[in-house]
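**Student:** Have a look at the structure that comes next, please.
The values are calculated or read from the model by the stated rules, or taken from the named source; none is laboratory data. From a predicted model like this one, the values you see are computed outputs, not experimental measurements. Neighbour counts run over all protein chains shown; Cβ positions are idealised from the backbone, glycine included. Note: accessible area is taken over every heavy atom of the protein model, side chains too, but ligands, DNA and RNA are not part of it. Shrake-Rupley method; radii C 1.70, N 1.55, O 1.52, S 1.80 Å.
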Amino acid sequence: MSIKTFELISTTKNGVELISYVALPEDASEENPAAGILVAPEWWGVVDHPKSVVERLAKAGYAAVAMDVYGEGKLTSDAAMANMWMEQVLADQDMLMDRCRLILNDFSDQLAVDGSNLGAIGYCFGGKVVLDMARDGMPLKAVATFHGNPSAKQAADKNFTAKVLVAHGRDDSMVSMEAIEGLKSELDAADVDYTIDVYDNAKHGFTNPHADERAAKNDVDLGYNEAAAKQSWDNMLEFMKSNLA
């Protein structure tokens, strides 16, 4: 399926430009809008990996946007810089959610996007972002995370209406199985419909083909696992297909 891409610029109340990246099926239009998926990247920003994710989603028939939550299109391959930027936005999580809501609204206002039919996927830090969007009651039908951080801005409650799919690596040294058990307890308490898939021999970052290179450069415990990446992607597509009409 051929696709079209463009930058979506959202401006915050204090003048920060959020430069997100959108991909759409070529045939998506006002008369034929596509279901939308918001993509929250890893802590590197809107680099090649999240751009390729939204392009793959567009080829699968979805409108998709890689969200620039840092602002000004900031991106890096340096873990120390990425961690600093992540900590800056996590220090004001209300602001972070305001930025996500702004991008969601601007994306769903696109004529080729079915704004009543939205999902979200998040990677690592972005996993926390999309779970928090659902915890904040944003209008998402389905949320999927890949090697995502499950720590909560606030615990899920009746405002959390999305269904959830979690793809977690058993060998993830950054997000423990105990943290995943904590997420289960949180979602159970809020009566959220969820599925958690645990992949053997998969480290943190297992879906990102650049993970090994980033691990070597930054001395962090990341690793790409092609089999787990493919299976978790296929499972996510099935999940979205069943939840986004």
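**Student:** Under 1.5 on a/c is rounded, so check that first for the chain, then, if it is not, pick prolate when a/b is larger than b/c and oblate when it is not; a ≥ b ≥ c are the square roots of the alpha carbon gyration tensor eigenvalues.
**Tutor:** Cα axes put the chain in the rounded bin.
**Student:** Further, regarding this structure: May I ask what percent, to the nearest 5, of DSSP beta bridges between residues of the range 144-245 are antiparallel?
**Tutor:** Details: 0 of 10 bridges.
If I count the DSSP bridges inside the range 144-245, around 0 percent turn out antiparallel.
**Student:** Okay, helix-only estimate at 222 nm for the chain: each DSSP H run of n ≥ 4 adds -39500 (n - 2.57), divide by all residues, round to 500 deg cm²/dmol; what do you get?
**Tutor:** Values: 7 runs with 90 residues, N = 245.
When only DSSP H runs of four or more count, the value is -11500 deg cm²/dmol.
**Student:** Here's a follow-up. For the chain, what does the accessible surface come to per residue with a 1.4 Å probe? Please give it in Å².
**Tutor:** Values: 10490 Å² over 245 residues.
Averaged over the residues of the chain, the accessible area is 43 Å².
**Student:** Then there's this: Please work out how much length the chain gains when fully extended from ASP92 to ASP157, using 0.36 nm per residue of separation minus the C-alpha to C-alpha distance, in nm with one decimal.
**Tutor:** 21.3 nm
**Student:** Mind giving me the nanometre distance, one decimal, between the label points for MET1 and THR76, set 7 Å out from Cα along Cα→Cβ?
**Tutor:** 3.6 nm
**Student:** Please give the net charge around TRP44, taking every other residue with its beta carbon less than 13 angstrom from that of TRP44, where Lys and Arg add +1 and Asp and Glu add -1. Spell out each step's value before the answer.
**Tutor:** Working: positive: LYS51, LYS74, ARG214, LYS217; negative: GLU42, ASP48, ASP68, ASP78, GLU213.
Surrounding charge for TRP44 is -1.
**Student:** Scan the range 1-64 for trypsin sites (Lys or Arg not before Pro) in coil per DSSP, keeping those whose Cβ has at most 16 other Cβ atoms within 10 Å, and list them by number.
**Tutor:** Details: sites: LYS4, LYS13, LYS51, ARG56, LYS59; in loops: LYS13.
Passing both the DSSP loop test and the Cβ count: LYS13.
**Student:** What does the net charge come to around TYR194 if you take all other residues with beta carbon closer than 12 Å to its beta carbon, with K and R at +1 and D and E at -1?
**Tutor:** Numbers: positive: LYS163, LYS184; negative: GLU186, ASP188, ASP191, ASP193, ASP197.
Counting the neighbours of TYR194, the net charge comes to -3.
**Student:** In percent, how large is the relative contact order of the chain, given Cα pairs closer than 8 Å and 6 or more residues apart? Intermediate values should be presented prior to the final figure.
**Tutor:** On the way: 549 pairs, mean separation 38.3, N = 245.
Once divided by the residue count of the chain, the mean separation gives 16 percent.
**Student:** Work out how much length LYS184 to SER52 would gain on full extension: take 0.36 nm times their residue separation and subtract the Cα-Cα distance, in nm to one decimal. Show your work: numbers first, answer last.
**Tutor:** Working: separation 132, 0.36 × 132 = 47.52 nm, distance 2.99 nm.
Net length gain for the segment: 44.5 nm.
**Student:** Over 19 Å between Cα atoms, which of LYS163/LYS241; LYS51/LYS153; LYS59/LYS203 qualify? Don't jump to the answer; show the numbers that get you there.
**Tutor:** Details: LYS163/LYS241 12 Å; LYS51/LYS153 26 Å; LYS59/LYS203 27 Å.
Where the Cα-Cα span goes over 19 Å, the pairs concerned are LYS51/LYS153; LYS59/LYS203.
**Student:** Compare THR76, THR5 by solvent-accessible area with a 1.4 Å probe and give them largest first, with all protein chains kept in place.
**Tutor:** Details: THR76 20, THR5 65 Å².
Descending accessible area places them as THR5, THR76.
**Student:** I would also like to ask the following. DSSP loop (so not H, G, I, E, B), at most 12 other Cβ within 10 Å: list which GluC sites (Glu not before Pro) in the range 1-84 pass both filters.
**Tutor:** Numbers: sites: GLU7, GLU17, GLU26, GLU30, GLU31, GLU42, GLU55, GLU72; in loops: GLU26, GLU30, GLU31, GLU42, GLU72.
When the GluC sites (Glu not before Pro) of the range 1-84 are filtered for loop state and at most 12 Cβ neighbours within 10 Å, GLU26, GLU30, GLU31, GLU72 remain.
**Student:** About its Cα centre, what dipole magnitude does the chain give when the only charges are +1 on Lys and Arg Cβ and -1 on Asp and Glu Cβ, stated in debye to the nearest 20? Intermediate values should be presented prior to the final figure.
**Tutor:** Numbers: 21 positive and 39 negative charges, 31 e Å.
The dipole of the chain has a size of about 140 debye.
**Student:** Just going by the charge dipole of the chain, with Lys and Arg at +1 and Asp and Glu at -1 on Cβ, which of GLN110, GLY182, PHE6 is farthest out on the positive end?
**Tutor:** Final value for the positive-end residue is GLN110.
**Student:** ALA216 versus SER242, label points 7 Å from Cα toward the beta carbon: distance in nm?
**Tutor:** Those two pseudo-labels are separated by 3.9 nm.
**Student:** Give me the percent of accessible area attributable to carbon and sulfur for the chain, probe 1.4 angstrom. Display every interim value, and only then the final one.
**Tutor:** On the way: 4850 of 10490 Å².
Percent of accessible area from carbon and sulfur atoms in the chain: 46.
**Student:** Follow-up. Taking square-rooted eigenvalues a ≥ b ≥ c of the alpha carbon gyration tensor, is the range 1-86 rounded, prolate or oblate, where a/c under 1.5 means rounded and, failing that, a/b exceeding b/c means prolate? Working shown, then result.
**Tutor:** On the way: a/c = 3.08, a/b = 1.69, b/c = 1.82.
It comes out oblate by the Cα gyration axes.
**Student:** List the aspartates and glutamates whose Cα lies under 20 Å from the Cα of LYS184, skipping any in the same chain that are fewer than 8 positions away.
**Tutor:** ASP132, ASP136, ASP157, ASP171, ASP172, ASP193, ASP197, ASP200
**Student:** May I pose another question? Which value in nm describes the separation of the simple spin-label points at GLU31 and ILE9, placed 7 Å from the Cα toward the beta carbon?
**Tutor:** Computed distance between label sites GLU31 and ILE9 equals 3.2 nm.
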